[in-house]
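Colleague: First the structure, which I've put down as structure tokens, then a few questions once you've had a look.
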Ligand SMILES: Cc1cc2nc3c(=O)[nH]c(=O)nc-3n(C[C@H](O)[C@H](O)[C@H](O)COP(=O)(O)OP(=O)(O)OC[C@H]3O[C@@H](n4cnc5c(N)ncnc54)[C@H](O)[C@@H]3O)c2cc1C
């Protein structure tokens, strides 16, 4: 079980740090099954920012040179890259959301239910579907094989596969998940799709699986063009905090101490604080109990580390529903509420709705973004390779 606390995330980080150099470079693509130690397993912590990307990279670079840990550091930056890319193309997310809703409301392909229930008839797919549902995690290489077989062998819509992942992954993340599925399907790097092969699966699962009958050709999918990219906002703080300010944390960032250290004028000034967990909006249908448990546990852990100016503990809110937040705001008499910036995804949708409801009551929603994101995201305007060139410069900046 993955314990949803910052302390557990830091423990996992410190256990993994010695292996983040040559070991990771050599073994990272192997999937030997649950209990694997060749990858960090940190993604549920990083995704909710129980542990931040900055902390992970700092801890690794204290132990290894950037050259030695280059592969691991690049993987952490893949997450940042995907977020920055989607931030500039919100229409990609909007179209994905609309398509998933459409597909789930209509006649689903006949074999969809069998595949997600582990009855596809392909032993590897069935084992991976079961592992995903039971543990909330799949190894990166396995995610690639799963998505490729889903799209090219089983010929299911990629959006339904991305939705299945998003409902079950403890690290389920709008940018990394949607864009990785698109990458496998050949939509992200136009015309270049990822084909899973029996030999590659057998080699990297140490012979645990060697599924036969897989598609031998990955014909990249096609789609209508998207509108031009929108630039990333240049300011890390959007909105003006007033005199009576609340702090509302959410599942995109549950480490207020380092976030507020970047914005010292805000720290220590909150009339009241709250933490909301609202993972239901990752999908139009129910997200897994494991995702709900992890996210609510993570929010409770953040609440236990958060107090207002008078030292009062944070309130737990069940959701980011405007009515829940407005009740809290009225009880505390706020004129403004500070929230961590939410990148494009379900929480951002909730905050956009909330902002309008608060404004109608004369309350300003103020977003604060981490420097990590503000510095890196503008470089995620094209492919990963030009972005990768920026990594040494980005890790040197504090
Ligand atoms: C189809 C598909 C769907 C995916 N969906 C998600 C998702 O919803 N959420 C998510 O966090 N990652 C997703 N990934 C990326 C990657 O598979 C996971 O981040 C990684 O497997 C997490 O395991 P780990 O923490 O042991 O990774 P490690 O290998 O130990 O890497 C360290 C950290 O780097 C980041 N990272 C590593 N690889 C990637 C990558 N390829 N893309 C983005 N970030 C990466 C993660 O934060 C990870 O915790 C997806 C990949 C694919 C192919």
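Every read-out reported here was derived from the displayed coordinates using simple, explicitly stated rules and does not represent laboratory data. For clarity, every value in this text was computed on a predicted model and none was experimentally measured. All Cβ positions, even for glycine, are placed from backbone atoms using ideal geometry, and neighbour counts span all protein chains on display.
Colleague: How far is helix 123-135 tilted off the main Cα axis of the chain, in degrees rounded to 10, range 0 to 90?
Modeller: Here the helix axis deviates by roughly 20 degrees.
Colleague: Another question about this same structure. Which residue fluctuates the most in the chain, going by a Gaussian network model with Cα springs under 10 Å, if the choices are 110, 303, 215?
Modeller: The residue that fluctuates most here is 110.
Colleague: May I ask what percent, to the nearest 5, of DSSP beta bridges between residues of the chain are antiparallel?
Modeller: Numbers: 4 of 19 bridges.
DSSP beta bridges in the chain are roughly 20 percent antiparallel.
Colleague: Okay, next question. Quick one: if the Förster radius is 35 Å, what FRET efficiency do residue 66 and residue 91 give, using the C-beta to C-beta distance and rounding to 0.05?
Modeller: 0.50
Colleague: For the range 174-316, what is the convex hull volume of its Cα atoms per residue in Å³?
Modeller: 207 Å³
Colleague: Something else about it: Taking 0.36 nm per intervening residue step and subtracting the Cα-Cα distance, what contour gain separates residue 398 from residue 304 on full extension?
Modeller: Going from the current span to full extension adds 31.1 nm.
Colleague: Can you tell me the equivalent ellipsoid semi-axes for the range 147-246? Use √(5λ) from the Cα gyration tensor, largest first, whole Å.
Modeller: For the range 147-246, the ellipsoid semi-axes come out as 37, 19, 12 Å.
Colleague: Size of the range 87-177 along its principal axes in angstrom, Cα-based, largest extent first?
Modeller: 38, 29, 21
Colleague: Calculate the radius of gyration of the Cα atoms of the range 22-156 to one decimal place, then report Dmax, the largest Cα-Cα distance, as a whole number, both in Å.
Modeller: When restricted to the Cα atoms of the range 22-156, Rg and Dmax are 17.7, 53 Å.
Colleague: Can you give the Rg to Rh ratio of the range 212-256, both from alpha-carbon atoms, with Rh computed by the Kirkwood formula?
Modeller: Reported Rg/Rh, Kirkwood definition of Rh: 1.30.
Colleague: How big is the C-alpha Rg of the range 237-369 next to the rule-of-thumb value 2.2 N^0.38 Å, as a ratio? Don't jump to the answer; show the numbers that get you there.
Modeller: Numbers: Rg = 13.8 Å, N = 133, 2.2 N^0.38 = 14.1 Å.
Taking the Cα Rg and dividing by 2.2 N^0.38 Å, one obtains 0.98.
Colleague: For helix 289-304, what angle does its Cα long axis make with the longest principal axis of the chain, in degrees from 0 to 90 and rounded to 10?
Modeller: Approximately 30 degrees, to the nearest 10.
Colleague: Compute the angle between helix 90-105 and the longest alpha-carbon principal axis of the chain, please, reported from 0 to 90 degrees and rounded to the nearest 10.
Modeller: It works out to around 70 degrees.
Colleague: Can you give the FRET efficiency for residue 135 and residue 333, using 1/(1 + (r/R0)^6), R0 = 45 Å, r = Cβ-Cβ distance, to the nearest 0.05?
Modeller: On the way: r = 45 Å, r/R0 = 0.99.
Once rounded, the FRET efficiency stands at 0.50.
Colleague: Expected output is a single nm value to one decimal: the length gained when fully extending between residue 292 and residue 233, i.e. 0.36 nm times separation in residues minus the C-alpha distance. What is it?
Modeller: Residue separation times 0.36 nm, minus the Cα-Cα distance, leaves 18.1 nm.
Colleague: Points 7 angstrom from Cα along the Cβ direction at residue 212 and residue 197: gap in nanometres?
Modeller: Label at residue 212, label at residue 197, 1.8 nm between them.
Colleague: Work out, step by step, the length gained on full extension between residue 319 and residue 58: first 0.36 nm times the residue separation, then minus their alpha carbon distance; give nm to one decimal.
Modeller: Going from the current span to full extension adds 90.7 nm.
Colleague: Sort 64, 14, 263, 139 so that the residue with the fewest other Cβ atoms within 10 Å of its own Cβ comes first and the one with the most comes last.
Modeller: 14, 263, 64, 139
Colleague: Take the alpha-carbon centre of the range 115-146, take the same for the range 200-245, and report the distance between them in whole Å.
Modeller: Cα centres, the range 115-146 to the range 200-245: 18 Å.
Colleague: Now, a different point. The range 14-80 to the range 366-388: how many Å between their Cα centroids?
Modeller: The range 14-80 and the range 366-388 have Cα centres separated by 20 Å.
Colleague: So if the hydrodynamic radius of the range 336-398 is defined as the Kirkwood radius over C-alpha pairs, what does Stokes-Einstein give as its diffusion coefficient at 25 °C and 0.890 mPa s, in µm² per second?
Modeller: Diffusion coefficient, whole number: 178 µm²/s.
Colleague: Based on the Cβ-Cβ distance of residue 381 and residue 225, what FRET efficiency does E = 1/(1 + (r/R0)^6) give at R0 = 22 Å, to the nearest 0.05?
Modeller: Details: r = 17 Å, r/R0 = 0.75.
Here the calculated transfer efficiency is 0.85.
Colleague: Sticking with this structure for a sec: Expressed as a fraction of 2.2 N^0.38 Å, the rule-of-thumb size for a compact globular protein of N residues, what is the C-alpha radius of gyration of the chain?
Modeller: Output field value: 0.99.
Colleague: For the chain, what is the mean residue ellipticity at 222 nm derived from helices alone (per DSSP H run of n ≥ 4: -39500 (n - 2.57); sum divided by total residues; nearest 500 deg cm²/dmol)?
Modeller: It comes out at -14000 deg cm²/dmol, rounded to the nearest 500.
Colleague: Another question, then. Is the shape of the range 112-164 rounded, prolate or oblate, going by the alpha carbon gyration tensor and its root eigenvalues a ≥ b ≥ c, with a/c under 1.5 for rounded and a/b larger than b/c for prolate? Intermediate values should be presented prior to the final figure.
Modeller: On the way: a/c = 1.39, a/b = 1.18, b/c = 1.17.
Cα axes put the range 112-164 in the rounded bin.
Colleague: How far apart, in nm, are the 7 Å Cα→Cβ label points at residue 269 and residue 357?
Modeller: In this crude label model, residue 269 to residue 357 measures out at 2.6 nm.
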